[in-house]
Structures are given as C-alpha cells and as structure tokens.
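Structure first, commentary second.
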Amino acid sequence: MTAPLFKYGLFGDEISLIVAFGIGIAFGFVLERAGFGNARVLAAQFYFRDLRVLKVMFTAIVTAMTGVYVLSRMGVVDLSLVYLTPTFLWPQIVGGLILGVGFVIGGYCPGTSCVSAATGRIDGIVYVLGMIFGLIGFAEIYPMVENFAHSSALGQITLSSLFKIPYGVLVFAVVVMAVVAFVGAEWAETKFGGKKPDADSLLAPAKTLAPSRLLAGGIVGLGVIAAVSGDPYRGPFARVDTRELALNAGTKADHISVDQLADWLVQGRNDFLLVDVREPAEFAAYHIPEAINVPLAALSPDIADRTERIVFYSDGSIHSAQAWLLLKSLGYSNAYMLFGGLEEWKDSILFPRLAADATPEQKAAFDKRAATAAHFGGAAQTGVAPATGTPTETPKLAPPPPPAGDGAAPAAVKKKKKEGC
Amino acid sequence: MIETTIHRQNPMIDPAFHAWGWEIPVYLFLGGLVAGLMILSGYHIIRALWDKDRAHGHYVTAPILSLALLTVGMGALFLDLEHKLYVWRLYLTFEVTSPMSWGSWILLLVYPALAASALLTLPQTFPKLARRLPFCSRCAGALHDCPRVVQAIGFANMLLGVMLGIYTGILLSTLSARPLWNSALLGPLFLFSGLSTGAATIHLLAHVRRPDSGSDDFSDAVLSALVNWLRPPAPGHVGTQKLEHADNSFLTVELLLLGLFIVGLLSSTEVHQRAVELILTGPYAAAFWVLVVGCGIVLPLTLQFLQAQHRIRSTVVPALLVIGGSLALRIVIVAAGQASAWTVASH
C-alpha cells in the first residue's frame with residue numbers, strides 16, 4: 001500500500017514500516033466503523049438484507065479509480081509504475097473458489113477477520129488462527145501445485161487492454177455501474193431487509209440535493225470527464241514543447257562538451273548516468289569508462305528517474321540527438337548529449353594533438369590534456385601534424401582499463417524495491 | 001602520526017560494540033515495573049489507613065507480585081555479570097559517584113520494604129495461605145494495630161520506588177560513551193514509564209483476579225479469569241476507573257518526557273543528533289515509532305480515553321499494550337544507545 005511513495009524512493013524500509021503501521025490502523029478503523037468486524041453484517045449482503053459491504057467496497061473502488069485517474073492526468077502519478085498483480089487464469093479461479101468457500105464457512109474475508117479478531121470476537125480469532133494454519137499448509141504443499149500455480153499466465157493485464165476499450169471509457173462505465181449498484185442496493189434493502197430508506201437515500205422521493213446525491217453526481221461527472229479526456233498512461237505517445245526544445249538546442253543547453261565529461265569522470269562524480277546508444281558489439285570494442293550500453297532501439301521510457309541527469313553519446317551526434325529528443329519528449333528534464341560524440345572524444349581527449357608551431361600557452365594547456373589522455377588510456381600526439389591539417393593515421397584504440405570497483409557498470413535503475421499491492 | 005587502537009573500540013573492528021544483550025533491558029523493564037508498583041501500593045497503603053473502603057482494592061496483590069518480579073529481574077542482572085562469584089563485593093563499599101553502587105544498595109533496601117508491605121497484605125491476598133502461616137498472620141495483625149508503622153512502610157515503599165525508578169534511567173545516562181543516553185531525562189522518563197506499567201499491571205490484575213469471583217484461591221481465580229478475561233470488571237468498581245485515569249496521566253507525562261528527550265538531543269551536538277536519528281529515522285525507527293510510541297503510548301492512551309468516556313468497553317488490551325510498549329522502550333533505548341558512538345563525528 002505504500003507502493004507509489006516507497007517505490008519512488010521517498011523513504012526507506014524503516015519509514016515504510018511506520019507508514020504501513022499508520023495505514024493499517026486507519027484501514028482497520030474504517031473497516032470496523034463500517035461494521036465489517038461482524039460476520040452477520042458480512043453475511044447479510046448475500047440475503048440482500050444489508051448491502052453495506054457492496055456499498056463500501058464499490059465506494060472504495062470508484063474513489064480509488066477516479067482519484068488515480070485524475071492524479072495521473074495531472075501528472076502526479078505515473079500509472080505505468082503502479083504494480084499490477086499478474087494474471088494466472090485457472091489458478092486464480094480455483095483460488096477464488098477456495099477463498100469463497102472460506103468466506104461462506106467463516107463469515108469473514110482475510111482483512112475483516114483481522115478487524116474482528118482485534119475487536120475481541122471469538123469467531124474472528126478462530127478464523128485468524130485457521131488462516132495462519134492454512135498458510136502453513138499451503139506453504140507445505142506448494143511444491144506439489146507449483147506447476148499449476150504458474151499455468152495459464154496472461155501477464156499484467158487490465159480490462160481496458162483486454163477489451164481494447166479506452167481507459168477513460170472504462171472508468172466511466174465502472175462509475176455508472178457503481179451508481180446503479182448503489183440504487184439497486186437501496187432498493188434491495190427496502191424490499192428484502194424491510195429497511196426504510198434514509199432521508200438522503202438515492203431512492204428517496206425528495207427533490208432536494210442531499211449530500212449523497214451531490215456525491216453521486218460528482219462522481220458521474222468525473223467519469224464523464226475521464227471518458228473524454230484520454231489515456232492516463234505515459235505510453236509510447238508523448239507530447240513535446242517544441243519551443244522549449246528549440247530554445248534548448250539553440251542555446252546549446254542540450255549538450256555537454258567532451259572536456260566537461262572528462263573532468264566529471266576524473267573527479268569521479270556519480271551524479272549522472274552516461275549512456276552509450278551504439279550497438280552492443282561497438283560498445284564491447286570501446287566505450288567511455290562508466291558508460292552503460294542502451295542501444296537506441298532498446299531505449300525504454302523507464303530508463304531512470306525522470307529527474308536524473310543523463311548524458312547520451314554515439315559515434316557522431318545524430319543518434320545521441322535522437323535519444324535526447326525521445327527522452328525530452330517523455331518528460332526527462334535533465335537529458336544531455338555529448339557534443340561531437342565519440343569522434344570528438346577520441347580527437348580531443350584520448351589522442352590530443354599539439355601543433356609543432358604551438359605557443360607556450362597552448363603547450364601548457366596541452367600538458368593537462370596529455371595527463372587526461374593518459375588517465376583514459378590514450379596517448380598525446382605531439383608535433384606529428386599541424387593543428388589545422390587533416391588527421392594522419394588514427395592510432396589503434398586501446399581498451400580502457402577496467403574500472404577500479406567490481407567492474408559492474410552503474411545500474412540504470414535504482415535498487416529494485418519490493419513489489420506490493 | 002595516526003594512532004590506531006587495535007582492540008574492539010576501533011570502529012573498523014567493531015562498528016557498534018554491543019556489550020548488553022537481552023538481560024539489561026529485561027532487568028530495566030522489571031525494575032521500572034516494580035518501582036511503579038511500589039509507589040502505587042505504598043500510596044494505597046497510606047490511603048487505606050483512613051479510607052477503610054479501599055482496603056480491598058486491586059493493589060493488595062502488588063507487593064507480593066513485585067517481590068517475584070524483582071527477583072526475576074535481579075536474576076537477569078546476575079546473568080549479565082562477567083564475574084558472577086564476586087557479586088558480594090558490591091556490598092563491601094559505597095561509591096557516591098557510581099550509579100551501580102547506588103543501585104545495588106537501593107536494591108538491597110527495596111527488598112525489606114517490599115517484604116514488609118507483602119506481609120501487611122498477605123491476609124488479603126492469599127487468605128488460605130495466611131491461615132496456614134499463623135505467625136505471619138499474627139505479625140500482619142500486629143502491624144495493622146500500629147498505624148504509624150504502616151504509614152512508615154507506605155512511605156518507605158514510595159520513596160524507594162521513586163529512587164529505583166529514577167536509578168534505572170540514570171544508570172544509562174551516566175555512561176557518557178553512548179551519546180544517545182547522554183540525557184538526564186532518561187531517569188524521569190523511565191520512572192514515569194514504570195509508573196504507567198505498574199498501573200497497567202494492577203489493571204491487568206483487576207481483570208485476572210476478580211473480587212466477585214467468589215473464590216479465595218488464586219489459581220481458581222486465574223482459571224476463571226482466563227475464561228472470561230475479555231469481560232469488563234464488575235460494575236461499580238471505582239478502582240479500575242481511577243487506575244485508567246492515573247495510567248493516562250502517567251502515559252501523557254511519559255510522552256512529553258520522550259518528546260523532551262528527543263528535542264534535547266536534537267538541539268545538542270552533531271554526535272547527539274546522529275545518535276537520536278538512529279531511533280527517529282535510522283535502523284531503530286520502525287521499532288521506536290510503531291512499538292514504543294504507537295502501540296505502547298498513543299494507542300493505549302486513545303483506548304483508555306475512550307474507555308473513560310464509556311464509549312468503548314473496558315478490556316485488558318490497553319494494559320497489555322502499555323506493558324509491551326514499556327519493554328520495547330527499554331529494548332530500543334538500550335540497543336540503539338549501544339549503536340550510537342562518538343566515532344560518527346569523524347565519518
């Protein structure tokens with residue numbers, strides 16, 4: 001439940017436990033206040049006498065659904081990062097049936113049984129104990145059913161992707177379904193439970209705008225907005241601010257020079273991600289130290305956090321510029337390309353040349369370049385060619401020395417955190 | 001020249017030197033609990049002198065229970081000793097500046113005070129046992145005939161209880177090598193934690209030993225209480241309600257002291273800030289916020305507040321939470337304190 005904030009790395013394991021404690025208390029409190037600690041209330045819905053469970057659950061569903069939709073349209077939540085439980089069709093049907101049988105026998109679902117046990121009900125305590133023994137039993141027989149449990153895998157699917165209907169239309173449909181269910185529940189409670197509808201019931205004949213009607217109207221309104229306002233996923237389609245991009249490119253705010261990159265690498269800075277967008281074979285032949293290889297075709301929208309500083313390079317400038325444009329359009333604010341690419345890196349950093357007729361100032365600056373070249377495994381070329389002449393034979397590239405650490409390139413994505421629902 | 005120590009105080013050998021295991025937190029917990037029980041039962045003994053209706057309260061079991069708990073706590077302390085056979089040497093001297101010396105002498109005085117109050121309450125606690133021990137009954141009767149002696153026993157219990165409760169905290173705060181413990185507030189904090197635990201324990205006893213169960217036998221009462229332990233105590237018992245009020249005040253003071261303890265360290269040197277961050281956001285944060293603050297103080301405070309207003313029924317749950325939270329407080333403070341060190345300043 002702490003998923004979105006925890007996953008963005010806003011807090012660590014310790015704080016996530018504290019947040020989970022708070023959410024758990026609040027969740028238990030709400031369930032208890034809704035009366036879900038009582039098996040009779042839970043069972044009454046199957047006799048259509050008291051449909052509190054249906055109302056509370058549907059309210060929770062539409063609140064979460066419209067809330068997540070609105071937040072993702074506002075750009076606060078990235079829906080593609082929200083964890084979805086993968087679907088295994090047949091195992092989940094069987095598991096659902098077992099859960100249903102347990103629900104019928106015990107009168108609780110797992111969550112409500114904890115609420116019931118916490119309020120001191122004996123049947124709730126017995127149910128929780130049964131659940132614990134059931135878990136132990138399942139863990140014991142799991143090796144026998146493992147093959148079945150992994151069968152008929154459908155991956156992470158959503159209703160909108162399965163039925164090929166727009167996400168917003170689905171939100172609208174569920175909202176309408178919920179309002180119909182609320183009205184139907186009120187009707188059933190009157191018909192089977194003998195309850196008189198409350199004054200602010202959706203069924204009541206009064207013409208006033210009771211709070212419940214306002215809320216129902218509001219949620220339907222949100223559903224209508226969702227239906228017409230498009231897909232909330234940050235998918236392959238992106239929008240770009242062309243003026244901003246043009247300004248970036250025009251003021252050279254979009255690139256860094258090879259000298260700057262060399263300085264960063266010599267200083268051992270690790271606040272940026274250096275990405276080589278060439279093919280793996282070329283990457284294996286030579287790459288700038290600390291770089292990771294992400295071929296242009298494999299560039300995914302989730303390469304790193306959207307605020308991370310990313311530097312692209314390729315042989316020249318074309319491929320890195322394309323990668324830069326792609327990531328800019330996906331909302332990465334700190335994407336850069338290496339000006340001149342690997343060619344410039346070789347010419348200026350690895351094998352700098354000094355003209356024979358250089359001034360003393362140029363010679364002094366060249367000493368620093370020679371030291372930098374030696375650091376990256378290159379060699380300075382003195383006096384072999386004039387500064388403005390055509391380059392002579394390019395020396396053979398020596399592979400860079402292995403990094404000092406364990407040799408692994410810095411991971412593109414931060415440590416993967418626990419998935420959870 | 002860089003001088004390097006090659007024993008365990010070198011952070012590269014032992015980043016956090018944990019010398020104390022479970023024994024010390026358990027002893028501190030039981031010591032604090034006994035201190036709270038002594039103060040409460042001492043107060044009750046004095047009150048009972050002029051208010052005869054209160055003579056049969058839930059407090060009567062406290063002295064005998066305290067004796068047993070303190071013995072268990074002393075056993076844990078003994079297990080922690082490096083040279084167990086030399087324990088008697090503590091009683092050959094008295095060092096004014098050593099909290100350990102103070103503690104060993106306080107503990108030596110606590111026992112007779114507890115034994116006297118236990119003798120005083122024996123006929124009420126275990127009537128059958130008292131009938132079999134006529135000497136004890138006669139002694140108790142003789143004591144009851146001298147109100148001044150009874151009063152002295154009550155005062156002695158209260159005074160020694162306060163000393164014992166504060167000492168459990170001062171024992172830690174004088175160890176200057178551990179920055180987390182460098183706060184004199186640990187003494188009052190542990191005292192009030194002990195008081196709330198004591199009140200919760202007596203509350204628990206009120207549920208276990210029901211005066212209306214009709215049986216004098218303690219084991220019978222325990223069994224019957226186990227069967228219906230979730231029921232509220234018999235109506236009309238003002239005692240438990242007063243206990244809830246008292247426990248709430250103790251918990252509130254404890255919460256305030258805990259806040260002051262944290263603020264005090266946070267406004268101190270960087271070493272102390274790093275030390276208190278261990279329990280605020282560091283590796284002990286989850287245990288501290290969830291078990292100590294959440295389950296140990298805020299939750300029982302809320303529950304007892306609602307109980308006092310008769311909005312929810314009275315159960316043993318808050319009492320159990322308070323006792324668990326008090327133990328967790330000692331474990332977290334002792335463990336995090338040992339993880340804190342002055343060496344963080346050089347990192």
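Quick note: the coordinates plus some simple rules give every number you see, no bench work behind them. Bear in mind the structure is a predicted one, so any value in this text is a computation, not a measurement. Note that we place each Cβ from the backbone using ideal geometry, even for glycine, and neighbour counts take in every protein chain shown.
Couple of notes before you dig in:
- For B:ALA177 and B:VAL87, the difference between the fully extended length at 0.36 nm per residue and the C-alpha to C-alpha distance is 30.0 nm.
- Under the simplified labelling scheme, the A:MET144-A:GLU244 pair shows an inter-label distance of 5.9 nm, with each label point 7 Å from Cα along Cα→Cβ.
- Taking amide H as placed 1.01 Å from N in the peptide plane, A:ALA335 has its amide H under 5 Å from the amide H of A:ILE310, each at least 5 places away in sequence or on another chain.
- B:LEU133/B:GLU95 FRET efficiency (R0 25 Å; Cβ-Cβ; nearest 0.05): 0.05
- Modelled spin-label separation between A:VAL56 and A:VAL180, with each label point placed 7 Å from Cα along the Cα-to-Cβ direction: 2.6 nm.
- Three-way shape label, the range A:243-351, alpha-carbon gyration tensor, a/c 1.5: rounded
- Mean separation of Cα contacts under 8 Å, 6 or more apart, over the residue count of the range A:243-351: relative contact order %: 32
- Ranked list, fewest to most other Cβ atoms within 10 Å of each Cβ, for A:THR158, B:THR125, A:THR85, B:THR201: A:THR85, A:THR158, B:THR125, B:THR201
- With a Förster radius of 60 Å applied to the C-beta separation of A:SER152 and A:GLU343, the computed FRET efficiency comes to 0.70.
- Rounded if a/c under 1.5, otherwise prolate or oblate - the range B:282-347, Cα gyration tensor axes: prolate
- Annotation: the residues B:HIS83, B:HIS18, A:HIS255, sorted from fewest to most other C-beta atoms within 10 Å of their own C-beta, follow the order B:HIS83, B:HIS18, A:HIS255.
- Sequence-separation-based contact order of the range A:1-153, relative, with Cα cut under 8 Å and 6+ spacing, percent: 25
- Placing a label point 7 Å from the Cα of A:ASP271 along the Cα-to-Cβ direction, none of the residues of the range B:262-303 has a backbone N under 13 Å of that point.
- Computed from the Cβ-Cβ distance with R0 of 45 Å, the FRET efficiency linking A:ALA284 to B:LEU266 stands at 0.30.
- Taking label points 7 Å from Cα along the Cα-to-Cβ direction, A:GLN322 and A:ASP263 give a separation of 3.2 nm.
- Taking the centroid of alpha carbons for each part, the range A:120-192 and the range A:316-366 are 55 Å apart.
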